[in-house]
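Notes follow the structure.
The values are calculated or read from the model by the stated rules, or taken from the named source; none is laboratory data. All figures in this text were calculated on a predicted structure; none of them were measured in a lab. Neighbour counts are summed over all protein chains in view; Cβ atoms, including those assigned to glycine, are modelled from backbone coordinates with ideal geometry.
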Amino acid sequence: MNADEMTDHIRSTFAGTRVLEAGGDVFFLYDPDGDLPPERQLPFATIVTADNYDRVSDLTRPGVYRLNIGLTKATYTALFGAPPTRRDERGVLDTGFDYARQDLVMPHPHYASQYWVCVVAPIAETLDAVRSMLVEAHGFAARKHANHARRAKA
């Protein structure tokens, strides 16, 4: 699945999703009314298509992109244990993973400490896992949105 197909999948599968694009990258927010203030516009998934922010995934290769997904703490720790805390001189978290490897779900190079995972150029081997993680990330974002709305009305 290429980046455009993944974008279309997320856009068409998850209700209430708002899609923002910047610099060739795509950000998926749960914003069913399209009115989230900027400080609350936190994506549940992103697609990064170039090495604009880091080079650890080598996104200069043809057709290669990185899908990033925000998970719950429980799911992240079930997959990878405690999130990493040690960073190298570039700010990349030390997880022991090769962030340029394709089709492998792994901790995010910068946001694993916030329970984010990534997969570079997912194909058949990881697509089922990716779809399941996207369902969780979207559901978690929807619950956070609903909780905030309830608190705002109280």
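Contact map, the range 74-101: first residue loosely packed, with under 13 Cβ neighbours inside 10 Å and modelled with pLDDT under 95, second residue in a loop (DSSP other than H, G, I, E, B) and among the β-branched types (Val, Ile, Thr), Cβ cut-off under 8 Å, separation 6 or more or different chains; pairs are ARG90/VAL56. The residue that is farthest from VAL135 (Cα to Cα), among those in the range 50-59 that are at pLDDT 95 or above and not hydrophobic (A, V, I, L, M, F, W, C), is ASP58. Can you work out which of the residues in the range 23-53 that are under 24 Å from GLN102 (Cβ atoms), of a type in the set (Gly, Ala, Ser) and out of contact with any Leu (no Cβ under 8 Å at 6 or more places or on another chain) is surrounded by the fewest Cβ atoms within 10 Å (Cβ to Cβ)? The extreme case among them is GLY23. Considering GLU125, GLU136, the condition of being modelled with pLDDT under 95, part of a helix (DSSP H, G or I) and out of contact with any Cys (no Cβ under 9 Å at 6 or more places or on another chain) is satisfied by GLU125 alone. When LEU67, LEU71, LEU36, LEU42 are checked against the criterion of being modelled with pLDDT under 95 and within 14 Å of the chain's Cα centre (by Cα), a single residue qualifies: LEU42.
Taking GLY63 as the residue in question, decide whether it is surrounded by fewer than 13 Cβ atoms within 10 Å (Cβ to Cβ) and either in contact (Cβ under 8 Å) with a residue 12 or more places away in the chain or of a type in the set (Lys, Arg) (or both). Yes.
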